[in-house]
């Protein structure tokens, strides 16, 4: 289980190099990376189609470290998953800033895809607090 705690996003190349040098890498046939960023479009518009005429200018982002550690452990316990790495931002973020980076390594594509979906969904729904900062769109 690995979680990096800096506000500078990690190097995906470095993470992959590290993952591939681990003895368990011989069992891995796939790696997937998720890189979530702050978008300008409000979550309610993207997910629910509710356009209130605003745009996001930034976000306050925080997370519960114990819950994230538990989510990582649950992901790594999944069949065929051998490598899990997570980085989360913390504090004030601007549009375009990285929110999270997740790397999953496992034996076969379906298991790695499912593990990535499980971990990102768990983090987003149970481990983090995102407060969007909105500004009205001027015509």
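The values are calculated or read from the model by the stated rules, or taken from the named source; none is laboratory data. Quick caveat, the model's predicted, so the values are computed rather than measured. Neighbour counts run over all protein chains shown; Cβ positions are idealised from the backbone, glycine included.
Of all residues in the range 52-69, those that are outside any strand (DSSP E or B) and modelled with pLDDT under 90 total 2. When the range 62-76 is limited to residues that are out of contact with any helix residue (DSSP H, G or I) (no Cβ under 6 Å at 6 or more places or on another chain) and within 14 Å of residue 114 (Cα to Cα), the one that is surrounded by the fewest Cβ atoms within 10 Å (Cβ to Cβ) turns out to be 74. When you check residue 103 against the structure, is it touching a helix residue (DSSP H, G or I) at 6+ places or on another chain (Cβ under 9 Å), under 17 Å from residue 16 (Cβ atoms) and part of a helix (DSSP H, G or I), yes or no? The answer is no for residue 103. Do we find that residue 1 is under 18 Å from the mean Cα position of the chain (by Cα) and at pLDDT 95 or above in this structure? Answer is no for this residue.
Condition first: in a helix (DSSP H, G or I), at pLDDT 95 or above and either in contact with a helix residue (DSSP H, G or I) (Cβ under 8 Å, 6 or more places away or on another chain) or at positive phi (or both). Now tell me which residues in the range 4-51 satisfy that. Selection gives 19 alone.
The single residue among 132, 79 that is touching a helix residue (DSSP H, G or I) at 6+ places or on another chain (Cβ under 7 Å), over 23 Å from residue 13 (Cα atoms) and modelled with pLDDT under 95 turns out to be 132.
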